[in-house]
Protein chains: 2
Amino acid sequence: MPDDALPNESRESLIAELRELLGERCSTAAAVREQHGRDEGWHPTAAPDAVCFAESTEEVAGVVRRCAAAAVPVIPFGAGTSLEGHVNAIHGGVCIDLSRMDRVLEVNAADLDCRVQAGVTRKQLNTYLRDCGLFFPIDPGADASIGGMAATRASGTNAVRYGTMRENVMSLTVVLASGEVIRTGTRARKSSAGYDLTRLFVGSEGTLGVITEIGLKLHGIPEAISSAVVDFPSVSAAVDTVIETIQMGIPIARIELLDAYAMEAINAYSKTDYPQRDTLFLEFHGTERGVAEQVETVGELAGEHGAGDFCWATREEDRSRQWAARHSAYHAALAQHPGTRGMSTDACVPISRLAECIETMRAALLDSPLDSTILGHVGDGNFHMLFCTEPGNAAQHAEMLRLNELLIDTTLRLGGTCTGEHGIGAGKLKYLRREHGDGAVEAMRAIKAALDPRNLMNPGKTVAC
Amino acid sequence: MPDDALPNESRESLIAELRELLGERCSTAAAVREQHGRDEGWHPTAAPDAVCFAESTEEVAGVVRRCAAAAVPVIPFGAGTSLEGHVNAIHGGVCIDLSRMDRVLEVNAADLDCRVQAGVTRKQLNTYLRDCGLFFPIDPGADASIGGMAATRASGTNAVRYGTMRENVMSLTVVLASGEVIRTGTRARKSSAGYDLTRLFVGSEGTLGVITEIGLKLHGIPEAISSAVVDFPSVSAAVDTVIETIQMGIPIARIELLDAYAMEAINAYSKTDYPQRDTLFLEFHGTERGVAEQVETVGELAGEHGAGDFCWATREEDRSRQWAARHSAYHAALAQHPGTRGMSTDACVPISRLAECIETMRAALLDSPLDSTILGHVGDGNFHMLFCTEPGNAAQHAEMLRLNELLIDTTLRLGGTCTGEHGIGAGKLKYLRREHGDGAVEAMRAIKAALDPRNLMNPGKTVAC
């Protein structure tokens, strides 16, 4: 669709109304629309007809009301770091970019909570919080917006101890499909007052409304933090160490698996010299004595499973260097395959089935022309395979999809979920039904129809199956 | 309504169908109906027309389908320990008693999870689990059924560390209003796959469907457990100790406040001789060294706030005795007022506002002919006032409702919720709207209408406002 071309007169008059509301902050420039028409996943760009840069909940409501009147879709956009085509405007419509809603509205240190606008990013929030001795633990890797993380039910490396967005969002301000603004939840830590609308909107991917403000739990920065890298003779040896650690109730903060291929890529990319074996990256939070005890116990468990030497880091800069290596895994894998695009799978299984799931996929890779590194948040049973494919290479693309389908079938057979943290978006619609069954999906669709009867909120996503 | 009398012919033919399905397990005996027509709260009995004792999900679905065809309400019943009239058949209908669905279906020790039928009680589950070294922490006091606890989003004394039913339910089997059976969630620890139906049904109080099976997180029985009772010069001194404990990230398992009046009642009832001051009951879980460190730190914090001597218990029988005293608080208060019935409020506020909320209510009690003990799960900001009123004493009843209304107004003003763990039921309908606002309540009602279009699932509860 060319710049500024709109499908019909009503859309043109809608854009005029949005310009009246927002002035220059309603853009139809091709570059802006293209940039907002895709996320970091592999799904093709689908540019919206216009992009509105909202600065308040009232402005979001104003845009949604005008779109509702014109029967035009609305697609919320945070940092654009989703992976399953969540922001792609596959039915056209108006993108609401929330990145300018970037204010931390309140921090209540005594209650360990805060309230932020949806465009605040997790790194921005943690910078803001540092002086209070508090932090927000959810770390999906990318510097995602808090609104986007809520909408996607994101998690990442700290979830094994601190939970996901499901556990850490306390309340939301949401603009519904009608343009009405509601607030879900309170500042109370728990409640039995009615349906859990907060948890319903968390993970709804913009299909039930636009999240504009988020109340969050915070956590005290621990007195002591230690991190370590340790290698194992096999994935099962590493995973068995993880299982025993979790079973013993050790409150480990991060426990990440990177397979030997991922370590090879990291060493090449980050100029490190870790043993190129299946490896755990660990982090311990607590008091000085508590961390020392955790370290001792996990050291013993790892030793029983044939672990190599622990490479420890306690000073902040050393820990940051270790975790930078971990977080570079995606780009490290891409660097081994110049000119390719990355695609990440997102299986999550009961931890007792994790080694079996990974070994099944490794066996499949032996017979495949594609290769993959494997890494994951193994304390939760969640892991990712990274495929690097050449743009336009249909055979590679088809093989990637075949392997993803095999992975998801395996995952569901083992009692897991097709997506631990990336979401359904447009990319996993068919797996939603396979995972939950017709009845549960029809219940979801009934809820969608009840809250968005004309299917204007991010249509084609989540429950469009 | 007299025994066996049914409002119309269609109900009579429904009972005949239910008898065909269940035989003697469909009862219309007056005593059975009366017993199922009320919970442990103060709301008047409203007996169902019949009580069906189901033994499987399929039987529940069979009952629901027949009720749907006859347009007759369905009311699920677990242990009958709810407090806000949740099970009262205020529009008549068929009660489904789930207490015979009492099988633990699976325990997966490596994954720290299990699956149970809805009628399993929490004590039964913990007895079953003991030999595996695992336990299920949610402890609402009463020996409630797991299905009822899920439906009410229950919590209790361990929630400050282990979370509520919201955090501990992983998956559900639910019979919908149509009689269709769905399963929500998987055995994965986290998921971003579609709307969070599990969390929607948790806390829905039977108004969206009948929960028949529950997948739960479990926890390892800690290596060391210590409990203690310690008194303070004031509620604020006790609460400030709690706030500092939570802020320091001490993973305390239980931290319960009982005010001086509650301690007086407990001493009289349990023949104990605790100082009759505002008191905390504490419990620490962890490794031997970890518990020792927690104990030391909390001891220092309490000392700074003028605490008396700690009364420690580490052996299981001593700890049980301490907690039995805590759990006797409700009956201890009643024993001070022979011939009365108890009514418990259920406010939950941000912890920084807890002392203010309690002091406001204590001031109100000074001017009231009623008195009350105060106790609570203060690590979560949740506390209860216990009122003892004479049945039929309209003035006392009105005063109790006035004080409850003052409490809820105060709670909402302080950013809290009208119910931390008891639920809305039939008793708090008007407060739901006051807490969430019209827009959020209308969203809840739209969801109710989408999943139960003829309003047959526990009508008159939760969102009937």
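Readers should treat all values here as calculations from the given coordinates under stated rules, not as data from a laboratory. Treat the numbers as computed from the prediction; the structure is a model and nothing was measured. Virtual Cβ from ideal backbone geometry, glycine too; neighbours counted across all protein chains shown.
So which of B:LYS430/B:LYS461; A:LYS217/B:LYS430; B:LYS217/B:LYS428 end up more than 18 Å apart by C-alpha? Write down the numbers at each step before the final one.
Numbers: B:LYS430/B:LYS461 11 Å; A:LYS217/B:LYS430 28 Å; B:LYS217/B:LYS428 30 Å.
Distance filter (> 18 Å) returns A:LYS217/B:LYS430; B:LYS217/B:LYS428.
Just for the Cα atoms in the protein assembly as shown, what are the lengths along the principal axes, largest first, rounded to whole Å?
Over the protein assembly as shown, Cα extents along the principal axes are 82, 64, 56 Å.
How far, in nm to one decimal, is A:GLU9 from itself in the other copies if the label point is set 7 angstrom along Cα toward Cβ? Shortest first, please.
Inter-copy label distances (nm, one decimal, shortest first): 6.0.
Hey, quick one: spin label on B:ALA395, modelled 7 Å out along Cα-Cβ, who in the stretch B:344-379 has an amide N within reach, i.e. under 14 Å?
Residues B:368-371 qualify, since their backbone N sits under 14 Å from the label point.
May I ask for the Kirkwood hydrodynamic radius of the stretch B:337-413, worked out over all distinct Cα pairs and given in angstroms to one decimal? Numbers along the way, then the final one.
On the way: mean 1/r = 0.0787 Å⁻¹.
Averaging 1/r across every pair of different Cα atoms and inverting gives 12.7 Å.
Just to confirm a number: summing +1 for Lys and Arg and -1 for Asp and Glu over residues other than B:PRO233 whose beta-carbon lies under 13 angstrom from that of B:PRO233, what do you get?
Charge balance in the 13 Å sphere: -4.
For chain B, what is the mean residue ellipticity at 222 nm derived from helices alone (per DSSP H run of n ≥ 4: -39500 (n - 2.57); sum divided by total residues; nearest 500 deg cm²/dmol)? Could the numbers behind the result be given before it?
Numbers: 16 runs with 178 residues, N = 465.
Computed ellipticity for chain B at 222 nm equals -11500 deg cm²/dmol.
Could you give the length gained on full extension between A:SER368 and A:ALA335, defined as 0.36 nm per residue of separation minus the Cα-Cα distance, in nm? The partial results should precede the final answer.
Values: separation 33, 0.36 × 33 = 11.88 nm, distance 2.04 nm.
Extra length from A:SER368 to A:ALA335 when fully extended: 9.8 nm.
Pairs of alpha-carbon atoms within less than 8 angstrom and 6+ residues apart define the contacts here; what relative contact order does the stretch A:337-413 have, in percent? Display every interim value, and only then the final one.
Values: 95 pairs, mean separation 32.8, N = 77.
Relative contact order for the stretch A:337-413 comes out at 43 percent.
Which ³J(HN,Hα) values in Hz, rounded to whole numbers, follow from the phi angles of the stretch A:133-145 under the Karplus curve 6.51 cos²θ - 1.76 cosθ + 1.60, where θ = phi - 60° and Gly and Pro get x?
x, 10, 8, 10, x, 5, 9, x, x, 5, 7, 6, 7
Binning at 5 angstrom from zero up to the longest distance, how are the C-alpha pair distances of the stretch B:224-330 distributed in percent?
Each 5 Å bin holds this share of Cα pairs: 2, 13, 25, 25, 20, 11, 3, 0.
Any idea how far apart A:LEU105 and B:GLU304 come out in nm if each label point goes 7 Å out from Cα toward Cβ?
It is 3.2 nm.
Please give the net charge around B:LEU83, taking every other residue with its beta carbon less than 9 angstrom from that of B:LEU83, where Lys and Arg add +1 and Asp and Glu add -1.
Details: positive: none; negative: B:ASP39, B:GLU40, B:GLU84, B:ASP346.
Charge balance near B:LEU83 sits at -4.
Under a 5 Å amide H to amide H cut-off, with H placed in plane at 1.01 Å, what residues pair with B:ILE96 once short-range neighbours are removed?
Residues meeting the amide H criterion: B:CYS52, B:ILE75, B:PHE77.
For B:PRO275, go 7 angstrom from Cα along the Cα-to-Cβ vector, then report the distances to that same point in the other copies in nm, smallest first.
Output for B:PRO275: 5.6 nm, nearest copy listed first.
Viscosity 0.692 mPa s, temperature 37 °C: give me the Stokes-Einstein translational D for chain B in µm²/s, with Rh taken as the Kirkwood radius over C-alpha pairs. Each step should come with its number before you reach the end.
On the way: Rh = 23.0 Å.
Translational D for this selection: 143 µm²/s.
Quick check on the exposure proxy: order A:ASP113, B:ASP309 from fewest to most C-beta atoms within 10 angstrom.
Details: A:ASP113 23, B:ASP309 10.
Lowest count first: B:ASP309, A:ASP113.
What's the FRET efficiency of B:ILE221 with A:ALA29 using the Cβ-Cβ distance as r and R₀ = 51 Å, to the nearest 0.05? Before the final figure, lay out the partial values.
Working: r = 62 Å, r/R0 = 1.21.
The formula returns an efficiency of 0.25 here.
At a 10 Å Cβ-Cβ cut-off, how would you order B:THR121, B:THR207, fewest neighbours first? Could you put the intermediate results ahead of the total?
Details: B:THR121 22, B:THR207 30.
Going from sparsest to densest Cβ surroundings: B:THR121, B:THR207.
Report relative contact order for the stretch B:169-273 in percent, whole number only (criteria: Cα-Cα under 8 Å, sequence separation at least 6).
Answer for the stretch B:169-273 is 23 percent.
Treating only the Cβ atoms of Lys and Arg (+1) and Asp and Glu (-1) as charged, compute the dipole magnitude of the stretch B:104-220 about its Cα centre; round to the nearest 20 debye.
In debye, rounded to 20, the stretch B:104-220 gives about 260.
Which of the aspartates and glutamates could a cross-linker bridge to A:LYS448, judged by Cα under 13 Å and excluding same-chain residues fewer than eight apart?
Answer for A:LYS448, where 13 Å is the Cα cut-off: A:GLU205, B:ASP196, listed by chain and number.
Could you grab the relative contact order for chain A? Cα pairs under 8 Å, six or more apart, rounded to a whole percent.
Details: 997 pairs, mean separation 69.1, N = 465.
Normalised by residue count, the contact order of chain A is 15 percent.
Could you give, in nm with one decimal, how far B:GLY299 is from each other copy of that position, shortest first, with labels 7 Å out from Cα toward Cβ?
In nanometres, ordered from closest: 2.7.
Using r as the Cβ-Cβ distance of B:GLU58 and A:ASP438, and R0 as 25 Å, what FRET efficiency do you calculate, to the nearest 0.05? Let's see the in-between values first.
Working: r = 18 Å, r/R0 = 0.71.
Plugging the Cβ-Cβ distance into 1/(1 + (r/R0)^6) gives 0.90.
Antiparallel DSSP bridges in the protein assembly as shown: what percent, to the nearest 5? Could you put the intermediate results ahead of the total?
Working: 110 of 130 bridges.
The antiparallel fraction comes to roughly 85 percent.
How big is the dipole moment of the protein assembly as shown about its Cα centre under a simple scheme where the beta carbon of each Lys and Arg is +1, that of each Asp and Glu is -1, and everything else is neutral? Debye, nearest 20, please.
Values: 86 positive and 124 negative charges, 346 e Å.
Dipole magnitude for the protein assembly as shown comes out near 1660 debye.
If we count other beta carbons within 10 Å of each Cβ, what is the order of A:ASP131, B:ASP231, fewest first? Before the final figure, lay out each step's value.
Details: A:ASP131 7, B:ASP231 23.
In increasing order of surrounding Cβ atoms, one gets A:ASP131, B:ASP231.
If you take the alpha carbon radius of gyration of the stretch B:104-220 and divide it by 2.2 N^0.38 Å, what ratio comes out, to two decimals?
On the way: Rg = 13.2 Å, N = 117, 2.2 N^0.38 = 13.4 Å.
The stretch B:104-220 yields a ratio of 0.98.
Using the charge dipole of the protein assembly as shown (Lys, Arg: +1 at Cβ; Asp, Glu: -1 at Cβ; taken about the Cα centre), state which of B:ALA450, B:GLY439, A:GLY342 has its Cα farthest towards the positive end.
It is B:ALA450, whose Cα lies furthest towards the positive end.
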